[in-house]
Amino acid sequence: MYRQPFSGQQTGSYSAPGGTHVQYRFLPNGRYEYAALTTQSRYSRSTKFMTYKTGTVAYQGDILTFVPETSKITSEDSCVARNNCQEPAGMNRETYRWGVERDEYGVKMCLAGEGVNGCAYKRQPIAPLQRSTRNSNWPATV
(Lines give C-alpha, C1' and ligand atoms only; values in the text may rest on other atoms or scores of the structure.)
Protein backbone atom coordinates (compact mmCIF):
# COMPACT_ATOMS: atom_id res chain seq x y z
CA MET A 1 0.00 0.00 0.00
CA TYR A 2 1.28 3.44 -0.92
CA ARG A 3 0.36 6.32 1.35
CA GLN A 4 1.22 9.91 0.51
CA PRO A 5 -0.12 12.80 2.61
CA PHE A 6 -1.42 15.81 0.70
CA SER A 7 -0.18 19.28 1.63
CA GLY A 8 -2.20 22.30 0.50
CA GLN A 9 -0.01 25.01 -1.03
CA GLN A 10 -2.21 27.88 0.14
CA THR A 11 -2.85 26.68 3.70
CA GLY A 12 0.09 24.36 4.35
CA SER A 13 -2.31 21.94 6.05
CA TYR A 14 -1.96 18.22 5.62
CA SER A 15 -4.66 15.64 4.95
CA ALA A 16 -4.68 12.02 6.00
CA PRO A 17 -2.78 9.73 3.65
CA GLY A 18 -4.63 7.53 1.18
CA GLY A 19 -3.92 4.24 -0.48
CA THR A 20 -5.18 0.79 -1.36
CA HIS A 21 -5.06 -2.41 0.68
CA VAL A 22 -6.03 -5.79 -0.81
CA GLN A 23 -6.46 -9.00 1.17
CA TYR A 24 -7.29 -12.58 0.21
CA ARG A 25 -8.22 -15.02 2.96
CA PHE A 26 -8.11 -18.72 2.06
CA LEU A 27 -10.36 -20.93 4.19
CA PRO A 28 -9.85 -24.66 4.83
CA ASN A 29 -13.02 -25.71 2.96
CA GLY A 30 -11.94 -24.42 -0.46
CA ARG A 31 -13.54 -21.03 0.05
CA TYR A 32 -12.06 -17.54 -0.01
CA GLU A 33 -12.79 -14.00 1.10
CA TYR A 34 -11.51 -11.00 -0.85
CA ALA A 35 -11.47 -7.45 0.47
CA ALA A 36 -10.07 -4.30 -1.14
CA LEU A 37 -10.15 -0.87 0.47
CA THR A 38 -9.13 2.36 -1.24
CA THR A 39 -9.06 5.60 0.75
CA GLN A 40 -8.53 9.14 -0.50
CA SER A 41 -8.38 12.36 1.49
CA ARG A 42 -8.15 16.02 0.54
CA TYR A 43 -8.45 18.63 3.27
CA SER A 44 -11.61 17.72 5.22
CA ARG A 45 -13.09 15.44 2.52
CA SER A 46 -12.44 11.71 2.55
CA THR A 47 -13.72 8.92 0.33
CA LYS A 48 -13.58 5.16 0.84
CA PHE A 49 -14.29 2.39 -1.65
CA MET A 50 -14.58 -1.16 -0.32
CA THR A 51 -15.05 -4.29 -2.43
CA TYR A 52 -15.88 -7.56 -0.67
CA LYS A 53 -16.33 -10.96 -2.32
CA THR A 54 -16.73 -14.53 -1.11
CA GLY A 55 -16.80 -17.74 -3.08
CA THR A 56 -14.84 -20.85 -3.96
CA VAL A 57 -11.23 -21.10 -5.01
CA ALA A 58 -9.60 -23.91 -6.97
CA TYR A 59 -6.00 -24.42 -7.93
CA GLN A 60 -4.40 -26.72 -10.43
CA GLY A 61 -0.64 -26.53 -10.73
CA ASP A 62 0.27 -22.86 -11.04
CA ILE A 63 -3.29 -21.77 -11.95
CA LEU A 64 -5.59 -20.32 -9.26
CA THR A 65 -9.28 -19.63 -10.04
CA PHE A 66 -11.65 -17.54 -7.90
CA VAL A 67 -15.39 -18.12 -8.45
CA PRO A 68 -17.39 -15.45 -6.57
CA GLU A 69 -20.76 -16.30 -5.03
CA THR A 70 -21.38 -12.97 -3.27
CA SER A 71 -19.97 -9.54 -3.99
CA LYS A 72 -20.59 -5.94 -3.05
CA ILE A 73 -18.96 -2.56 -3.37
CA THR A 74 -19.49 0.17 -0.82
CA SER A 75 -18.73 3.84 -1.40
CA GLU A 76 -18.49 6.43 1.39
CA ASP A 77 -17.98 10.16 0.86
CA SER A 78 -17.68 12.43 3.91
CA CYS A 79 -18.99 15.49 2.02
CA VAL A 80 -21.43 14.29 -0.66
CA ALA A 81 -24.12 12.01 0.78
CA ARG A 82 -25.48 10.93 -2.63
CA ASN A 83 -22.11 9.24 -3.27
CA ASN A 84 -22.68 6.90 -0.31
CA CYS A 85 -24.02 3.63 -1.64
CA GLN A 86 -23.75 -0.13 -1.63
CA GLU A 87 -24.33 -2.21 -4.75
CA PRO A 88 -23.36 -5.56 -6.26
CA ALA A 89 -19.80 -5.85 -7.52
CA GLY A 90 -18.65 -7.92 -10.48
CA MET A 91 -19.23 -11.66 -10.35
CA ASN A 92 -16.72 -12.66 -13.03
CA ARG A 93 -14.51 -15.68 -12.50
CA GLU A 94 -10.87 -14.61 -12.05
CA THR A 95 -7.89 -16.80 -12.99
CA TYR A 96 -4.26 -16.11 -12.12
CA ARG A 97 -0.89 -17.79 -12.22
CA TRP A 98 0.47 -18.02 -8.70
CA GLY A 99 3.61 -18.85 -6.81
CA VAL A 100 5.09 -18.59 -3.34
CA GLU A 101 8.34 -16.77 -2.66
CA ARG A 102 10.37 -15.83 0.38
CA ASP A 103 12.15 -12.53 0.93
CA GLU A 104 13.67 -10.76 3.92
CA TYR A 105 10.16 -10.07 5.31
CA GLY A 106 8.82 -13.64 5.06
CA VAL A 107 6.69 -15.70 2.69
CA LYS A 108 4.74 -14.01 -0.13
CA MET A 109 2.00 -15.38 -2.36
CA CYS A 110 2.36 -13.81 -5.78
CA LEU A 111 -0.42 -13.50 -8.39
CA ALA A 112 -0.02 -12.70 -12.07
CA GLY A 113 -2.86 -12.24 -14.54
CA GLU A 114 -5.12 -9.69 -16.15
CA GLY A 115 -4.97 -6.53 -14.07
CA VAL A 116 -2.83 -8.04 -11.28
CA ASN A 117 0.56 -8.69 -12.88
CA GLY A 118 3.35 -8.64 -10.35
CA CYS A 119 1.32 -8.19 -7.18
CA ALA A 120 2.46 -10.03 -4.05
CA TYR A 121 0.60 -10.68 -0.83
CA LYS A 122 1.95 -11.76 2.51
CA ARG A 123 0.68 -15.24 3.26
CA GLN A 124 -1.24 -16.02 6.44
CA PRO A 125 -1.19 -19.71 7.49
CA ILE A 126 -4.99 -20.22 7.55
CA ALA A 127 -5.14 -22.97 4.94
CA PRO A 128 -1.63 -23.52 3.61
CA LEU A 129 -1.35 -24.25 -0.06
CA GLN A 130 1.36 -26.82 -0.65
CA ARG A 131 3.80 -24.93 -2.83
CA SER A 132 7.31 -24.29 -1.65
CA THR A 133 9.33 -23.30 -4.71
CA ARG A 134 9.04 -20.79 -7.48
CA ASN A 135 7.72 -22.14 -10.79
CA SER A 136 10.45 -21.92 -13.45
CA ASN A 137 7.93 -20.25 -15.82
CA TRP A 138 6.97 -17.63 -13.23
CA PRO A 139 7.26 -14.05 -14.57
CA ALA A 140 10.56 -12.47 -13.59
CA THR A 141 8.81 -9.18 -12.78
CA VAL A 142 7.10 -10.59 -9.70
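Data table
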item: Residue check for Lys72: modelled with pLDDT under 75 and surrounded by fewer than 14 Cβ atoms within 10 Å (Cβ to Cβ); result: no
item: Only listed residue being surrounded by 14 or more Cβ atoms within 10 Å (Cβ to Cβ) and among the small types (Gly, Ala, Ser), chosen from Gly90, Gly99; result: Gly99
item: Those residues of the range 1-38 which are hydrophobic (A, V, I, L, M, F, W, C) and modelled with pLDDT under 85, in sequence order; result: Met1, Phe6, Ala16, Val22
item: Filtered residues of the range 55-69 (kept if part of a strand (DSSP E or B), among the small types (Gly, Ala, Ser) and exposed (fewer than 15 other Cβ atoms within 10 Å of the Cβ)); result: Ala58
item: Selected residue [of a type in the set (Ser, Thr, Tyr) and within 15 Å of Arg25 (Cα to Cα)] from Tyr96, Tyr52; result: Tyr52
item: Index of the failed condition, Arg82 passing every other in (1) modelled with pLDDT of 90 or more; (2) under 18 Å from Val22 (Cα atoms); (3) not acidic (Asp, Glu); result: (2)
item: Subset of the range 75-87 (residues that are acidic (Asp, Glu) and surrounded by 13 or more Cβ atoms within 10 Å (Cβ to Cβ)); result: Glu76, Asp77
item: Odd one out for Met91 among (1) over 20 Å from Gly18 (Cα atoms); (2) touching a Leu at 6+ places or on another chain (Cβ under 8 Å); (3) aliphatic (A, V, I, L, M); result: (2)
item: Residue that is surrounded by the fewest Cβ atoms within 10 Å (Cβ to Cβ), among those in the range 35-51 that are farther than 23 Å from Ala112 by Cβ and of a type in the set (Ser, Thr, Tyr); result: Ser44
item: Members of the range 109-139 that are of a type outside the set (A, V, I, L, M, F, W, C) and at pLDDT 80 or above; result: Gly113, Glu114
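The values are calculated or read from the model by the stated rules, or taken from the named source; none is laboratory data. This one's a predicted model, so the numbers in the text were calculated from it and none came from an experiment. We place every Cβ from the backbone using ideal geometry, glycine too, and count neighbours over all the protein chains shown.
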